[in-house]
Every structure is written in structure tokens, then in C-alpha cells.
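S.K.: Take this structure first; my questions come after.
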Amino acid sequence: MTVALAAVLAAAVVASLSLGEVTVGPVQVLRAVFLGGTPEDLLVNELRLPRTALAAAAGAAFGLGGALIQSVSRNPLASPDVIGVTQGAGLAATYALTTGVAAAAVAPAALAGGLAAAALVFAIGARHGLAAHRFVLSGVAVAFALRALIEIIIVSADPIDGQRAQIWLIGSLNGRGWTEAAAVAGTLLLTGPALLWAARALHTTALDDDTARGLGARPVARRLGLGVTGVLLAAAATAQVGAVDFVALVAPQVARRLAGTDRPPLLGAALVGAVLVVLADLVGRRLLAPTQLPAGVLTAAIGGPYLVFLLVRGRRRGSV
């Protein structure tokens, strides 16, 4: 499964580098990327590769973040979009964009907002040992409250600033490149040790607390560590590309079904997330060319029906 997903991601990246107003053949793309010194260098390496690299890195971060949060909550409907992380980042970014803050400060503000929202959710949920159901319900409540504040700020702001905030909230990779890709990739590298630990810790997430303690695990500390790692990854990606919704929801569940496991595999979720964002950005660039659709519009078109599918499937089974 992992090898197949890696191959699909490689094909999606090559397609993203190939297709545009000027089409470059796959062979020429590979030569430009790995050898250089070709006529296509500027088009492929300078204009298309940074955006594609950002899409892959952000998608991987969303997939990993979603997998960790769903494992902690034991709920396939849980994701950064649901528990308030995205809304916290969106609130901070909206405030920055509508108050004349320097453009360079928007991403740090969004990251801080996402982490602050997550801290609030953890603080509320921790009162009962960070129980799964309380964690999700706390996140939903915080998300609704933050979304209301976002709407208040947009309605009260200058129309042009409000429109800028709305575009950010949809999620787009337009105008972004190596700087943003490096920020997301750096977060992935920094959380690498935590992800290696998480791959082992996830083996006990399905156990009840008493059984986990009997095996020598610390369930509350484990859930907190997994949740914090997932939130950090999701907040870092959101800060750089905006609220590209549903990737963190869909990617872990697709990976879980492909792997045939009872919990989302981390590497599989990262690869599926990367494929989704790369393809969403590619389709958004080419579907109505020269008009570019934000990647978040395409992921919402995928994620909305998939969310309905999960709800219907859960209802038939008697649970969500």
C-alpha cells in the first residue's frame, strides 16, 4: 500500500509540474528537476516546483495531524477542521488581514491562533482525563464560537480586507512557494521524533484506560502527546496555506481503508494527504484556466460528500 501511494504521489507531482498554460512533457520535467540546464528550468523549477512542494508538504502535515487527532478521539469525524484548530488559525489570520498587520505576520499569527484554540480545547477536555467524547465535543463548541467571531470581524471590516480574509479562509496555494514549503517541511522534521514515538503509541489507543495502565502505558499522557503533535502539524500547515478543509478528515480514513487496519496508518495518511492537496491544486489551476480555483474549494468538494458518507455509514452501524 505504501509503495503504491508513493507511486501515485510521484505521478501527481510530475503531472503538476507538467501541466499549465505551457505543457512540459514528463521526461523534460524529470530532466529539469534532476539534471538542470534545460530550457524548461525556469518554468519547472522556479514557477511550478515550489508550489507543488508546498502542496505535498502541507497535505502530508494535514494527513498526519488528522490521523493523530482521530486516533486520540477514536472518532473518524474528528479533524482539525472540527475541533477548532482551523478556526483558531482563521480567527487570528482574519484579525491580522483586516487590521493592517504586515503580510509576513499573517502566518505566525495563524499558527499562534491555531495553537491557542487547541490549548483551550485541551484545557476543557482535560478535566475528565481527556476523554475521547469530551475532547471532540469541546472542540466542536470552540470551533462554533471561533467561527462566529470570524464572521463578526469580516462583517465589521473594510470590504476589501474582508475579501482578503475570505480568500485566506478558503485555502489557496496561489502566490506561495519555497518559504512556506520550508516552514511546513521544517515542522515535519522537528516533529519527526514525536511521530516515531506516535507510531508505537498508537498501538494502545484502542484500549480502555484500565487495560492500558495494566500494560504499563500512561493513557492520559499518551493522548495528550499524540493530540499536541497532531495539532502542531495541522496548525503549521494551516498557517501557510490557509484553511484547506477536509484533507485532515478524509486522508486518514482513506489510508485506513486502503491498509485494512483498525486505525489510520501515519505514513499512509501523510501520502494520501499529499496526493489530495497536489491534485486539488492542479485541478484548481487548470479546471477554469486562466481563472484559478483555491485548493480549498476542491478539497471541500471531495470532503463534503465523504463526510455525509461517514455519517450515513455510522448511522447504519448504530454509531458515528
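S.K.: Helix 159-170 versus the longest principal axis of the chain: what angle, 0 to 90°, nearest 10, using Cα atoms?
M.R.: So the helix axis and the longest Cα principal axis differ by about 70 degrees.
S.K.: Once R0 is set to 45 Å, what does the formula 1/(1 + (r/R0)^6) return for the Cβ-Cβ distance between Ser156 and Ala301, expressed as a FRET efficiency to the nearest 0.05?
M.R.: 0.90
S.K.: Then there's this: Work out the length of the dipole vector of segment 30-135 about its Cα centre, built from +1 on the beta-carbon of each Lys and Arg and -1 on the beta-carbon of each Asp and Glu, and round it to the nearest 20 debye.
M.R.: Charge dipole of segment 30-135: 400 debye, to the nearest 20.
S.K.: Moving to a separate point now. Treating only the Cβ of Lys, Arg, Asp and Glu as charged (+1, +1, -1, -1), what charge dipole size does the chain show about its Cα centre? Round to the nearest 20 debye.
M.R.: Roughly 1060 debye for the chain.
S.K.: Take Ala119 and Leu196, extend 7 Å from each Cα along the Cα→Cβ direction, and tell me the distance between the two endpoints in nm.
M.R.: So the label points at Ala119 and Leu196 sit 2.9 nm apart.
S.K.: Going by average Cβ neighbours within 10 Å, how do the peptides 70-83, 23-36 rank, with the highest at the top?
M.R.: Descending packing order for the listed peptides: 70-83, 23-36.
S.K.: Toward the positive end of the charge dipole of the chain, about the Cα centre and with charges on Cβ (Lys, Arg +1; Asp, Glu -1), which of Ala157, Ala93, Ala78 goes farthest?
M.R.: Ala78
S.K.: Now for a separate question. For the residue pair Leu149 and Leu288, what label-to-label distance in nm results when each label sits 7 Å from Cα along the Cα-to-beta-carbon direction?
M.R.: According to this spin-label approximation, the distance is 3.2 nm.
S.K.: At each listed q (0.16 Å⁻¹), what is the log10 of I(q)/I(0) that the Debye formula gives for segment 2-317 modelled as equal alpha-carbon point scatterers?
M.R.: -1.31
S.K.: For segment 220-282, treating each Cα as an identical point scatterer without solvent, what Debye log10 I(q)/I(0) comes out at q = 0.17 1/Å?
M.R.: Summing over Cα pairs of segment 220-282 leads to -0.64.
S.K.: Towards the positive end of the charge dipole of segment 2-317, with charges on Cβ (+1 Lys, Arg; -1 Asp, Glu), say which of Thr52, Ala107, Ala67 has the farthest Cα.
M.R.: Result: Ala67.
S.K.: Let me ask you something else. For the peptides 153-162, 241-250, what is the packing order when you average, over each peptide's residues, the other Cβ atoms within 10 Å and list the highest mean first?
M.R.: 241-250, 153-162
S.K.: Starting from the Cα of Ala15, step 7 Å along the direction of its Cβ; do the same at Ala104; then give the gap between the two resulting points in nm.
M.R.: The modelled label-to-label distance comes out at 3.8 nm.
S.K.: Using just the Cα positions, wrap segment 20-142 in a convex hull and report its mean projected area in square nanometres, one decimal place.
M.R.: Result: 10.7 nm².
None of the figures in this text is laboratory data; all of them are computed from the coordinates on show. Just so it is clear, the structure is predicted and the values come from calculations on it, not from any experiment. Cβ coordinates were reconstructed from backbone atoms using ideal geometry, including for glycine residues, and neighbour counts include every protein chain displayed.
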